[in-house]
Amino acid sequence: MFVFSCYTGLAYGEINALSPCHITTDNEGGVWLVMKRKKTLTTNERSFHVMVLPIALALIQKYRFSPDAIHRETFFPCPSNQYTNRALKIVAEKAGLNKKLTFHVARHTFATTVTLEKGISIESVSHMLGHSSIRTTQIYSKVKQKKVAAEMKFLFMSQQLMIK
């Protein structure tokens, strides 16, 4: 579930509820997750769409026929969020990570490493994460600064070649 979230940006509760009714295919054969995000009781639901990358699709195929997933009519057998975060803490300790590893880190990984660092616009990332305001997504803007620096370095190098 954690790795699936790294490639889709879905929160724990969304993965917990993920079922075949949330999958659609476009005219070109692309597979999409279509869900509504409601973070709190006072917020409105926001529809969001995320293209299912090959790794995420392989994870669905791997776990969709587990007995718990079949019983719940979902794609994944989902232990509680508390249990999952406790297990992630153990994984982090055994791996020697000096970072607090929680399920939300996967969502952050999707926003930064999988999308923004690869050139996906902040507007698209905001939509895929189901944020009601792009300001929420701008929390990840440090990545944008890193990307701008890399792009400007490329531009600088191009200009140097033109001068020679």
Taking the residues in the range 99-120 that are modelled with pLDDT of 90 or more and not in a helix (DSSP H, G or I) as candidates, determine which candidate is farthest from MET51 (Cα to Cα).
LYS100
So which pairs qualify, if the first residue must be in the range 124-139 and outside any helix (DSSP H, G or I), the second must be surrounded by 17 or more Cβ atoms within 10 Å (Cβ to Cβ), the Cβ gap must be under 7 Å, and the two must be at least 6 apart or on different chains?
GLY130/ARG37; GLY130/PHE48; HIS131/THR137
Matching residues, the range 39-53, being surrounded by fewer than 14 Cβ atoms within 10 Å (Cβ to Cβ) and charged (D, E, K, R)
GLU45
Kindly indicate whether LEU33 is in a helix (DSSP H, G or I) and free of Cβ contacts under 8 Å to residues at least 40 places away in the same chain.
no
Pick from the range 54-106 the residues that are of a type in the set (S, T, N, Q) and surrounded by 11 or more Cβ atoms within 10 Å (Cβ to Cβ): which of them is farthest from THR8 (Cα to Cα)?
SER66
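The values are calculated or read from the model by the stated rules, or taken from the named source; none is laboratory data. None of the values given here were measured: they were computed from a predicted structure. Methodologically, a virtual Cβ is constructed for each residue, glycine included, from the backbone with ideal geometry; neighbour enumeration extends over all protein chains shown.
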